[in-house]
Structures are given as structure tokens and as C-alpha cells.
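Q: Once you've had a glance at the structure underneath, I'll fire off some questions.
The values are calculated or read from the model by the stated rules, or taken from the named source; none is laboratory data. Because the structure is predicted, anything quoted here is derived from the model rather than measured. Note: ideal-geometry Cβ built from the backbone for every residue, glycine included; neighbour counts use all protein chains shown.
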Amino acid sequence: MTYTRSGRLRSAAPNFNLGAAWLASANRDPQAAMDQWKAGRLAAIETGEVFNVVRVGDVQTGRAALADLWHADVPVGPVLHNRAEGCIEFLVTIRADTAWEMPRTGLIGRPAEGREPLSVAMPAPGMQRLGGRSWLVLPDGERRPTDPADLAVALRRAGARLRHDHP
């Protein structure tokens with residue numbers, strides 16, 4: 001299932017082609033990603049130049065944070081549900097002034113100098129589910145990544161709410 005920013009069920013992405021082109025643009029070889037998607041496979045999308053990815057290691061917390069962002073009417077970028085690894089992955093803006101220090105999460109961003117780019121396997125926008133991965137918030141070519149500061153606040157709120165609801 002895919003949802004709009006306000007939390008309503010979305011029946012289709014506004015523009016799959018723009019979303020795919022935007023995601024592929026993160027790679028040094030964008031055509032390679034497009035070719036993988038055309039062949040019905042996941043594409044390894046590089047992080048650290050166009051966006052970073054925050055991997056939330058608990059699906060319940062990740063979904064609660066997403067709901068919190070929508071409730072706060074904060075712009076939300078593309079979000080993946082990674083069933084294969086049991087996590088939620090938020091595409092976030094790159095902010096050089098922010099270090100990521102949230103428990104049970106990991107930042108996948110720019111690699112150390114001289115190292116190969118880091119990447120995350122992603123289905124093409126519009127694919128229902130592939131390799132255990134599906135989009136909760138679709139990349140549509142217009143939606144920008146989530147601000148990591150907003151995500152951090154939402155994760156703290158979600159964690160506190162879940163601890164309160166399930167002591």
C-alpha cells in the first residue's frame with residue numbers, strides 16, 4: 001500500500017517516470033539503474049550525493065515515525081518498507097552540519113574518501129513489491145527527501161509513544 005502525505009491511501013503515483021529518473025540520477029551510471037528496473041529487478045541506488053538513507057531497524061517505530069511526520073504536516077520524501085531486512089528506509093536530505101546519532105537506526109550516506117559509493121537496493125517507482133521491498137511513499141520526481149532533523153524528532157516521539165503504549 002502507498003499513502004499520500006496526509007496519510008490517505010494512494011492508488012497510483014503521480015509520475016513513475018519522473019520518480020525513476022530522479023532516483024537513477026543518484027548513480028554515476030543512471031542508465032544502469034533504469035536497465036535493472038526495465039528487466040524487473042532491484043537497482044542499487046547510490047547514496048551520499050543526491051540523498052542519504054536512514055534505515056530504521058524496527059518496522060513499528062519506522063511506521064510510527066512516518067505517521068508522526070504526516071500528523072505534523074512535515075514534508076515527507078520517499079520511504080521504503082524493506083521486509084527482507086525488517087526495516088523502514090527514509091530517503092533524507094544531505095546535511096553536512098548534522099551528525100546522525102539515533103538508536104536502532106543507521107545512516108547510509110557518503111563513503112569514506114577513496115571508497116566505493118554506498119548503495120541501497122530499490123524497486124522502480126510503481127512496482128508493487130520486489131525482493132521484499134516496496135514503497136510506502138513513492139518517489140515521484142517532485143517530492144524531496146525528508147529533512148533528517150524532522151525525522152529525528154518524529155523517531156523520538158514515535159519511540160516514546162511506543163514505550164508508553166507497550167511498557
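Q: Is it fair to say LEU91 is crowded, with 21+ Cβ neighbours inside 10 Å and assigned to a strand (DSSP E or B)?
A: yes
Q: Still on this structure, I have one more. GLU85 - would you say it is in a loop (DSSP other than H, G, I, E, B) and at pLDDT 90 or above?
A: Against the criterion (in a loop (DSSP other than H, G, I, E, B) and at pLDDT 90 or above), GLU85 qualifies.
Q: Would you confirm whether or not segment 24-46 contains a residue that is in a helix (DSSP H, G or I), at pLDDT 95 or above and within 28 Å of ASP150 (Cα to Cα)?
A: Yes, there is a match, as at least one residue in segment 24-46 is in a helix (DSSP H, G or I), at pLDDT 95 or above and within 28 Å of ASP150 (Cα to Cα).
Q: Continuing with the same structure: Does GLY114 satisfy the criteria of being over 18 Å from TRP22 (Cβ atoms) and exposed (fewer than 13 other Cβ atoms within 10 Å of the Cβ)?
A: When the stated conditions are applied, GLY114 passes them.
Q: For segment 51-63, how many residues are under 16 Å from ALA149 (Cα atoms) and out of contact with any Ser or Thr (no Cβ under 7 Å at 6 or more places or on another chain)?
A: Summing the residues that are under 16 Å from ALA149 (Cα atoms) and out of contact with any Ser or Thr (no Cβ under 7 Å at 6 or more places or on another chain) in segment 51-63 gives 2.
Okay, residues lined up against (1) modelled with pLDDT of 95 or more; (2) among the small types (Gly, Ala, Ser); (3) outside any loop (DSSP other than H, G, I, E, B):
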residue: ARG63; (1), (2), (3): yes, no, yes
residue: LEU66; (1), (2), (3): yes, no, yes
residue: ALA96; (1), (2), (3): no, yes, no
residue: TRP100; (1), (2), (3): no, no, no
residue: ARG110; (1), (2), (3): no, no, no
residue: ALA121; (1), (2), (3): yes, yes, yes
residue: ASP140; (1), (2), (3): no, no, no
residue: ARG144; (1), (2), (3): no, no, no
residue: LEU162; (1), (2), (3): no, no, yes
